[in-house]
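Single-structure report; data block below.
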């Protein structure tokens, strides 16, 4: 008989996310190396004029936020951009690499966080499971990064990438 | 044990976030494994994304009423599994969409070609994510990864000698964990109507899955993914089908304890 799947119920306090379900995948330097291995990166300063902001929003159908993306010029003529998108429940920092011609060379998620505010679950749940297992799911929480069950849609990240492409069109030369 | 390095990467693919976590003997194997793993996922997306008019599935949906359409072997594998799950579940799992259509309206020949008997659309979205996970696991293993996990929006598979702990989302409150399972050399998928529109029973068209989630562990993720929909629709009657696939499943309903779908 093969070992069976074991389910360890969580106590009320084992919130996936209100304690901050968050993963950091890559630092800026690691993301640069992942998309453009072996290249040199030079920070690129820019300021958008109002007509440029308007043009980017019109091209991408996405609003610009108050924090502009960070941009680097890549040794091979490409561009490396770090941007953030904020969804209903998730916050994502991501990096986009563009070729000199402005085509997407790579997208890497740098960090991902889910946040749902302070929802409180039915207290009956706690009564039912507290003390039912000698395992301590809270301890496991520290290094558990896997979640089964649909994650959120990546649509607003796709929107963010469209905004980066519009930024390149309008302001990165 | 020889030393190894670990890392995780995530990319937006399959309309969700695909995460690959790997252990590898050195940096160059790790880098290569991430690359081929994400390429495999992107290839499944290219073939089976029905929102992309250029995908193979879109091409099939446009043409298969008029003529036989040959499929890539990956798409054909997913379609054959879909048909077999439909047959085993009496149509509770059904990849066809359209008024009055069912899985019986697909004519499939052994050479990998398909034709529709009536107007319908094929939607492999219910299991393509699971298949993508399997292809990525194959690819990263071949590239030399020792252990790890591939998670495509909640459909996942662990491989190698390292047990992986997995949170199951609470069916009423997906921002919270209902509990954890530990997985080793096995795939796990959970279905519920958390963020997506409701799921439907292929037989009646009735919505299922509100406030309920089904979690299935199986040897591969394609099977696990398909069996979640069957478990939600058939509940305890799914036990026989699960056993045939060497799979285990439980339902989480509201705040109740897990209901295991086992043969009595």
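Brief remarks on what is shown
- With 0.36 nm allotted per residue and the present C-alpha distance subtracted, the residue B:185-residue B:138 stretch has 15.7 nm of extension available.
- Alpha carbon convex hull of the range A:70-117, volume per residue in cubic angstrom: 65 Å³
- Every pair of different Cα atoms in the range B:5-82 enters the Kirkwood calculation, which places the hydrodynamic radius at 14.4 Å.
- Residue order, fewest to most surrounding Cβ atoms within 10 angstrom, among B:256, B:55: B:256, B:55
- Distance cut-off 11 Å, percentage of C-alpha pairs in the range B:220-259 lying past it: 63 percent
- When B:150, B:114 are sorted by how many other C-beta atoms sit within 10 angstrom of their C-beta, beginning with the fewest, the order is B:114, B:150.
- Overall dimensions of the range B:59-201 by Cα: Rg and Dmax, Å: 17.6, 50
- Efficiency of FRET from Cβ geometry, residue B:35 and residue A:173, R₀ 30 Å, rounded to 0.05: 0.50
- Applying Stokes-Einstein at 4 °C and 1.567 mPa s to the Kirkwood radius of the range B:1-43, computed over alpha-carbon pairs, gives a translational diffusion coefficient of 118 µm² s⁻¹.
- Mean projected area (nm²) of the alpha-carbon convex hull when the range B:77-124 is viewed from all directions: 3.1 nm²
- Rg of the Cα atoms in the range B:100-165, relative to 2.2 N^0.38 Å, amounts to 1.58.
- Ordered by the count of other Cβ atoms within 10 Å of each Cβ, fewest first, B:203, B:50 give B:203, B:50.
- As a calculated quantity, the FRET efficiency between residue B:113 and residue A:4 at R0 = 41 Å, using C-beta atoms, amounts to about 0.50.
- Each listed q (0.15, 0.28, 0.29 Å⁻¹) maps to a log10 I(q)/I(0) for the range B:40-89, found by the Debye formula over equal Cα scatterers with no solvent: -0.43, -1.09, -1.11.
- Global form of chain B, assessed from the alpha-carbon gyration tensor, a/c cut-off 1.5: oblate
We did not get these values from a lab; they are worked out from the coordinates using the rules stated. Just so it is clear, the model here is predicted, and its values are computed rather than measured. So basically every Cβ, Gly included, is an ideal-geometry build from the backbone, and we count neighbours across all protein chains shown.
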